[in-house]
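The values are calculated or read from the model by the stated rules, or taken from the named source; none is laboratory data. Note that the coordinates shown come from a computational prediction; the quantities given were computed from them, not determined experimentally. Backbone-built Cβ (ideal geometry, glycine too); neighbour counts: all protein chains shown.
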2 protein chains.
Amino acid sequence: MTQPRYTPLAQSLPASVPFVGPETQERQRGAPFAARLGANENIFGPSPKAIAAMQGSLGEIWKYGDAESHDLRAALAAHHSVAPENIMIGEGIDGLLGYLVRLLIGDGDAVVTSLGAYPTFNYHVAGFGGVLHTVPYKDDHEDPAALFARAAEVDAKLVYLANPDNPMGSWHSGADLLAAMDALPEGCLLLLDEAYIDCAPDRTALPIDISDPRVIRTRTFSKAYGMAGARVGYVLAEAELIAAFNKVRNHFGMNRTAQIGALAALQDQAWLAEVLDRISTARDRIAQIARDNGLTPLPSATNFVAIDCGSDGAFAKSVLEDLVDQGVFVRMPFAAPQNRCIRVSCGPEDQLDAFARALPIALERARNG
Amino acid sequence: MTQPRYTPLAQSLPASVPFVGPETQERQRGAPFAARLGANENIFGPSPKAIAAMQGSLGEIWKYGDAESHDLRAALAAHHSVAPENIMIGEGIDGLLGYLVRLLIGDGDAVVTSLGAYPTFNYHVAGFGGVLHTVPYKDDHEDPAALFARAAEVDAKLVYLANPDNPMGSWHSGADLLAAMDALPEGCLLLLDEAYIDCAPDRTALPIDISDPRVIRTRTFSKAYGMAGARVGYVLAEAELIAAFNKVRNHFGMNRTAQIGALAALQDQAWLAEVLDRISTARDRIAQIARDNGLTPLPSATNFVAIDCGSDGAFAKSVLEDLVDQGVFVRMPFAAPQNRCIRVSCGPEDQLDAFARALPIALERARNG
C-alpha cells in the first residue's frame, strides 16, 4: 500500500519541536524538577479572581468558546484604547505567529530575525517555506537598525523583533524603536513581539499608533498574567491586517475557560501590579545569586534573568546540564555569543533557594569537568 | 505607507467563518437563546470527575501544558489498544484537520468530500489551495463508493468521510466501510471523521487496523464526552503519519486544564454510558416532537436528529429562522436536498420542551409566511 502523498514542503520539513518541554525532560531523567525555572512561566500565577472565574465556568465547558472572543476582545480594546477590530485573540502567541506567517510567507519569501531569537517563530517560517535571514545581536540587544537594513537587502516581507528580548532580557525604548522604523523598508511588516512588555519599564512599548500598517504586535496572558497553560495571546494591528486572520485561523479554537480566565485576569490589575513587584524582587535575587557565584547577571525587563557564566557556550551548557541533573530546570540561548549565558525564570523564594544551592555545585563541576 | 504583502493564496481567500457561533447570533438578536440545540454540543456535560480534575488543576495554570500530552496519549493508546505513537492530540478536530490538510494539500491538489459535509474541512482545503470535488449524498447517507470513485477520477490525495455523518446523523457499518475501501485509490488517504462514533451503535466504527496507511481517523472529547469548550481532539493512524504532525503542529498549543480534564473524562466510562443513555432518550424525544408535528425524523447515530420538514430548503430555512427568533438555536444542512431538514441537538428536557413549544409556531408561520 502506498503512503500518503505529502506536499514537497512537508516532505522537506524535519519532525522537530522548537523546545523540549520540562515534562519531557522529567520523563527522561525519571524524576520531577525541584525548581521549574526554564520556561519563563510565571510561577506566581494568575489572579485568584481569574482562577475562581475559570473554576466557576467549568460547568459550561460543554459549550464551544465564542468564536469571536467578543468579551475579551472588547475589554482588551478598552484597555489599549483601540477598537475591537484592531485585536485578534488566538491560541497563545505561538498560534498567532503561525497564522501571521501563513498569511505572508510562501515558498522562498524572505524573513529577517536575530540570530538566536525565538525558535518557534523560525519554526513557522520554515514550515511555510520561508527563507530566514539572521543578524547578530549587538551587545546582547537585538539590533533594529541592522534588522531593518537586512530586511531592505533581502526584500523581506516580515521582520521579527522582540521587545523586551527573549532570551537576553534586554530592551529598547519605544521612542528609539519608532525612530529606527524610519529605516523599515516599504512592504516589510514589523512583527513586534511584546510577550514580556508588562514586565518592562515605562516607555519600553512602542507607542500604539493603531493605524500604522507597518507593525503588528503580539501580547500574551502567558507571562505577567501567569496563564501560560491557558493559551491566550492576541495581536494588535490596524483593522485590515487583523481581519485577514479570519482567512486562516481556527475560528472555534479557543478554550472557553481560557477566554473567561483571561478576561478576569485583565480586570484584576491590582494583582498584576503585585506580581510585577514579586517578579522585580525575584530578578534582584537571581542577580544576587549570580554575583555571589562570581557571575554577571544581565539587566532584564522580563520575568527572567540571563546570567553570563563568564566563558563560552560549552561551559554554560555544562553548567546548565548539571543544574538540570540537580533538578533545577533552566534554559540557555541557542546562539553564540549569547550562549555564554544561562536563562533563569523568576519564581518564589523556595525555587530560587534551590537554584542558589545548585549553582555553585554546577559551576564547580563544570570547571573541573 | 504600503500594506503587508500577503501571499497570492491569502489574497484570494475570503475572510470567512465556516459557522456563525451562537454567541454571535445572540448578540445580533439582542437576547440569549432559551435553548442551545444548534451546535451539537453535549448539554449533559462532561463527567463531574473531569470537572473536578480541571478545577483542581487551575492552581497550576501558570505552567505550559505538556507538549506531548503524554499522559492523555498513553491513556488513549491503552483505551484503543494501540501505541502512543499512533495518536496525536490536538486543539480539537478542527485544529487537527488543518494540520492534516497542510501536510498533504498544496496549490491545485484534489480533495473529495460529500456535498454538504463538514464546512470546516472545506475551509481548510481552500485555505491551503486545494481543489474540492464533491459527490452527492445517497438517500441521506454519505456514499463511500461514489466518494472513492471520484477520488480515483480526480487523483485526489485526500477524501473526507464522516461516520456517523454530520449533518444527517446517518451511518455505515464498519464492515461495509472496510469493504468499500477496496476501491480507495492508491495514494489517496481516507480521512475518517469519527467525531460522533461514541454515540453510534456497535460495529459502526471501522475496525482499527493501526498499521493500515490508507486511513486516518479523528476523534474528539467535544461530543459524547461533553467538553467542546476544552478543545481536545485526536487522530489515530499509523505511526509515520502521526509523526508527520510534529512538522507543522503548534507543539505547545494545548490548554493544560483541557489535557487533564480529557484524561479524567476518559477514565469515567460509567459517566459516558449514562450520558449515552440520556442522548438516546433525547433522540427519541426529538423524533417524537417531529412526528407530533407531522414531520419525519431521520434515524441518528449521533447526538442530534435531522428532521425532514417535508418541503424544500427555503421552507426549512423559514422554520429555522422562526425557531431562532423564538430563542431556540438550531442549525440546518447547507446543501440540497439535505437542506429540507433542520438539525436539532440532544439536550435535557427543559430545552427540548422549549423546542416542542416553538416548533408548531414556527411551522405555522413558515406555511403561512
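Where residues in the range B:24-38 are in contact with a Gly (Cβ under 9 Å, 6 or more places away or on another chain) and surrounded by fewer than 20 Cβ atoms within 10 Å (Cβ to Cβ), which of them is farthest from A:Asp109 (Cα to Cα)? Spell out how you get there, then give the answer.
Restricting attention to the range B:24-38, the residues satisfying the condition of being in contact with a Gly (Cβ under 9 Å, 6 or more places away or on another chain) are B:25, B:29, B:31-37.
Still in the list and also surrounded by fewer than 20 Cβ atoms within 10 Å (Cβ to Cβ): B:25, B:29, B:31-32, B:34.
Details: B:Gln25: 40, B:Arg29: 44, B:Ala31: 47, B:Pro32: 46, B:Ala34: 50 Å.
Result: B:Ala34.
Is it the case that the range B:279-291 has a residue that's of a type in the set (Lys, Arg), surrounded by 17 or more Cβ atoms within 10 Å (Cβ to Cβ) and closer than 23 Å to B:Asp193 by Cβ? Among the residues of the range B:279-291, at least one is of a type in the set (Lys, Arg), surrounded by 17 or more Cβ atoms within 10 Å (Cβ to Cβ) and closer than 23 Å to B:Asp193 by Cβ, which makes the answer yes. If only residues of the range A:86-103 that are in contact with an Asp or Glu (Cβ under 9 Å, 6 or more places away or on another chain) and more than 11 Å from chain B (Cβ to nearest Cβ) are counted, the one that is surrounded by the most Cβ atoms within 10 Å (Cβ to Cβ) is A:Ile89. Please determine, by comparing only the residues of the range B:81-103 that are among the acidic types (Asp, Glu) and in a helix (DSSP H, G or I), which one is farthest from B:Phe245 (Cα to Cα). Checked the range B:81-103; the qualifying residue farthest from B:Phe245 (Cα to Cα) is B:Asp94. Look at (1) touching a strand residue (DSSP E or B) at 6+ places or on another chain (Cβ under 7 Å); (2) without any contact (Cβ under 8 Å) to a residue 60 or more places away in the chain and you find that A:Asp193 fails only one, number (2).
Taken over the range A:217-229, the criterion of being at the interface with another protein chain (Cβ under 8 Å from one of its Cβ atoms) and touching a residue at least 12 places away in the same chain (Cβ under 8 Å) is satisfied by A:Ser222, A:Gly226, A:Met227, A:Ala228.
In the condition set (1) touching a Gly at 6+ places or on another chain (Cβ under 8 Å); (2) crowded, with 21+ Cβ neighbours inside 10 Å, A:Thr113 is compliant with all but (1). Just one of the numbered conditions (1) surrounded by fewer than 20 Cβ atoms within 10 Å (Cβ to Cβ); (2) outside the structural domain of B:Val305 (by TED's automatic domain parsing); (3) under 24 Å from the mean Cα position of the chain (by Cα); (4) under 28 Å from A:Val101 (Cβ atoms) is not true of B:Thr2: (3).
Tell me which strands (runs of 3 or more DSSP E) are completely within the range B:139-251 and hold 1 or more residues being of a type outside the set (Gly, Ala, Ser) and within 30 Å of A:Met54 (Cα to Cα), or say none if there are none. Reasoning before the result, please.
Details: elements: B:158-162, B:189-193, B:215-220, B:233-236.
Where strands (runs of 3 or more DSSP E) fall fully within the range B:139-251 and carry at least 1 residues being of a type outside the set (Gly, Ala, Ser) and within 30 Å of A:Met54 (Cα to Cα), they are B:215-220, B:233-236.
Among the residues of the range A:240-249, are any more than 20 Å from A:Pro84 (Cα to Cα), in contact with a strand residue (DSSP E or B) (Cβ under 7 Å, 6 or more places away or on another chain) and more than 9 Å from chain B (Cβ to nearest Cβ)?
No, every residue in the range A:240-249 fails to be more than 20 Å from A:Pro84 (Cα to Cα), in contact with a strand residue (DSSP E or B) (Cβ under 7 Å, 6 or more places away or on another chain) and more than 9 Å from chain B (Cβ to nearest Cβ).
Test B:Phe44 against the criterion of being more than 30 Å from A:Leu184 (Cβ to Cβ), touching a helix residue (DSSP H, G or I) at 6+ places or on another chain (Cβ under 6 Å) and surrounded by fewer than 21 Cβ atoms within 10 Å (Cβ to Cβ), and give yes or no. In short, yes.
What number of residues within the range A:265-274 satisfy the criterion of being touching a residue at least 12 places away in the same chain (Cβ under 8 Å) and either among the charged types (D, E, K, R) or surrounded by fewer than 24 Cβ atoms within 10 Å (Cβ to Cβ) (or both)?
Taking the range A:265-274 as the starting set, the residues that turn out to be touching a residue at least 12 places away in the same chain (Cβ under 8 Å) are A:265-268, A:271-272.
If we keep only those that are either among the charged types (D, E, K, R) or surrounded by fewer than 24 Cβ atoms within 10 Å (Cβ to Cβ) (or both) as well, we get A:266-268, A:271-272.
Total meeting the criteria: 5.
Of all residues in the range B:337-359, those that are assigned by TED's automatic domain parsing to the domain that holds B:Asn293 have Cβ atoms under 8 Å from Cβ atoms of residues that are of a type in the set (Asp, Glu) and surrounded by 20 or more Cβ atoms within 10 Å (Cβ to Cβ), 6 or more apart or on another chain, in B:Ser345/B:Glu41. Of the residues A:Leu298, A:Leu236, the single one that is modelled with pLDDT of 95 or more, outside the structural domain of A:Leu158 (by TED's automatic domain parsing) and within 20 Å of the chain's Cα centre (by Cα) is A:Leu298. Considering every residue within the range B:254-264, establish whether at least one is part of a loop (DSSP other than H, G, I, E, B), buried (at least 20 other Cβ atoms within 10 Å of the Cβ) and within 21 Å of the chain's Cα centre (by Cα). Checked the range B:254-264: at least one residue is part of a loop (DSSP other than H, G, I, E, B), buried (at least 20 other Cβ atoms within 10 Å of the Cβ) and within 21 Å of the chain's Cα centre (by Cα). Only a single item in (1) more than 22 Å from the chain's Cα centre (by Cα); (2) over 24 Å from A:Pro32 (Cβ atoms); (3) hydrophobic (A, V, I, L, M, F, W, C); (4) surrounded by 19 or more Cβ atoms within 10 Å (Cβ to Cβ) is not met by A:Phe315, and it is number (4). For A:Leu58, the conditions (1) assigned by TED's automatic domain parsing to the domain that holds A:Ile210; (2) touching a Leu at 6+ places or on another chain (Cβ under 8 Å) all hold with the exception of (2). Which of the residues spanning the range B:286-320 are in a helix (DSSP H, G or I), in contact (Cβ under 8 Å) with a residue 60 or more places away in the chain and out of contact with any strand residue (DSSP E or B) (no Cβ under 9 Å at 6 or more places or on another chain)? Matches in the range B:286-320: B:Asp292 only.
Matching residues to (1) farther than 27 Å from B:Thr7 by Cα; (2) within 14 Å of another protein chain (Cβ to nearest Cβ); (3) without any contact (Cβ under 8 Å) to a residue 12 or more places away in the chain:
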residue: B:His133; (1), (2), (3): no, no, no
residue: B:Tyr137; (1), (2), (3): yes, no, no
residue: B:His141; (1), (2), (3): yes, no, no
residue: B:Pro144; (1), (2), (3): yes, no, no
residue: B:Leu147; (1), (2), (3): yes, no, no
residue: B:Asp155; (1), (2), (3): no, yes, no
residue: B:Pro164; (1), (2), (3): yes, no, no
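Would you mind stating whether B:Ala78 is surrounded by fewer than 20 Cβ atoms within 10 Å (Cβ to Cβ) and either in the same structural domain as B:Tyr225 (by TED's automatic domain parsing) or free of Cβ contacts under 8 Å to residues at least 12 places away in the same chain (or both)? Criteria met by B:Ala78. For the range B:104-121, indicate whether the set of residues that are over 19 Å from the mean Cα position of the chain (by Cα), touching a residue at least 12 places away in the same chain (Cβ under 8 Å), within 12 Å of chain A (Cβ to nearest Cβ) and part of a helix (DSSP H, G or I) is non-empty. Within the range B:104-121 (the criterion being over 19 Å from the mean Cα position of the chain (by Cα), touching a residue at least 12 places away in the same chain (Cβ under 8 Å), within 12 Å of chain A (Cβ to nearest Cβ) and part of a helix (DSSP H, G or I)), the answer is yes, since at least one residue qualifies. Across the range A:169-179, what is the total count of residues that are hydrophobic (A, V, I, L, M, F, W, C) and closer than 17 Å to A:Asp139 by Cα? So the answer is 2.
Against the criterion of being in contact with a Phe, Trp or Tyr (Cβ under 7 Å, 6 or more places away or on another chain) and either crowded, with 19+ Cβ neighbours inside 10 Å or under 30 Å from B:Gly65 (Cα atoms) (or both), B:Cys309 qualifies. Residue count for the range B:250-264, restricted to those that are in contact with a Phe, Trp or Tyr (Cβ under 6 Å, 6 or more places away or on another chain) and either facing another protein chain (nearest Cβ under 7 Å) or at pLDDT below 95 (or both): 1.
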